[in-house]
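Encoded as structure tokens, the structure appears first; notes follow it.
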Amino acid sequence: MGGMLPSHLWYVSYGSNMSRRRLGCYIAGGTPPGSMRTYAGARDRTLPTADHAVTLPGSLYFAGESKTWGGGVAFYDHDSPGETAARAYLLTIGQFVDVANQEMRRSAIEDDPLEEVLRTGLPGERHSAGPGRYETIVRVGEHEGLPMLTFTAPHGMDAVPHTAPRPAYLAMLAEGLREAHEWDEERIEGYFAARALRGQPSS
């Protein structure tokens, strides 16, 4: 492909960042409602100018123990059958890297090597930025000529025990589902219930 390399991409969230105000804390900094964590924000604090609802092939599941919320957090298994509701935001490549680093609990750095990987295009459908739970970047499609990327765990949904998320965390997901997909409460509750919330919230 000739011409300039792309400067933007679509960040696809299937978890709490489906909520615009939650994502806003990753971009502009701040503390989301119900969270025990304050986010530093991105180097470029311009909020996304476009977003749209997405339905991804694959399964949503809840696992692990969140230091931010308590209870399980959302992960996405691209290779498992099913459908996952999500929301795509138009971000600069630098903003995506800064969001990813905050998810990975890393500090933002200038000339992050991940930026170069994204500018030149993922070598395949996946890229591992490390072994952590949100350090696997998955290309889930393309929209208006730009790649759609999300991040998740390196393993599939059957490789780990599932844990139940806390209500404050699910409230953020529900807010995003209402905003992007215009779902009502009954559909949202059914969506969560069908994702097999096995396990109990840890005390």
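Could you list, in sequence order, all residues of the stretch 36-50 that are farther than 25 Å from P167 by Cβ and in contact with a helix residue (DSSP H, G or I) (Cβ under 8 Å, 6 or more places away or on another chain)?
Taking the stretch 36-50 as the starting set, the residues that turn out to be farther than 25 Å from P167 by Cβ are 40-50.
Within the stretch 36-50, A40, G41, A42, R43, D44, R45, T46, L47, P48 qualify.
Considering only residues that are in contact (Cβ under 8 Å) with a residue 40 or more places away in the chain and open to solvent by less than 20 Å² (accessible area, probe 1.4 Å), look in the stretch 163-179 and name the one that is nearest to L90 (Cα to Cα).
G176
Only residues in the stretch 10-26 that are within 21 Å of R139 (Cα to Cα) count as the first member; pair them with residues that are basic (K, R), Cβ under 7 angstrom, at least 6 apart or cross-chain, and list the lot.
Final answer for the pair search is S13/R87; S16/R22; M18/R87.
Can you tell me which of G141, G199 is on the phi > 0 side of the Ramachandran plot, assigned to a strand (DSSP E or B) and at pLDDT below 95?
After applying the criteria, what remains is G141.
Kindly establish whether T55 is under 30 Å from H155 (Cβ atoms), open to solvent by 60 Å² or more (accessible area, probe 1.4 Å) and modelled with pLDDT of 95 or more.
yes
The values are calculated or read from the model by the stated rules, or taken from the named source; none is laboratory data. What you are looking at is a predicted structure, and each value in this text was computed from that prediction instead of being measured. Neighbour counts are summed over all protein chains in view; Cβ atoms, including those assigned to glycine, are modelled from backbone coordinates with ideal geometry. The accessibility values were calculated without ligands, DNA or RNA, using every heavy atom of the protein model including side chains. Shrake-Rupley method; radii C 1.70, N 1.55, O 1.52, S 1.80 Å.
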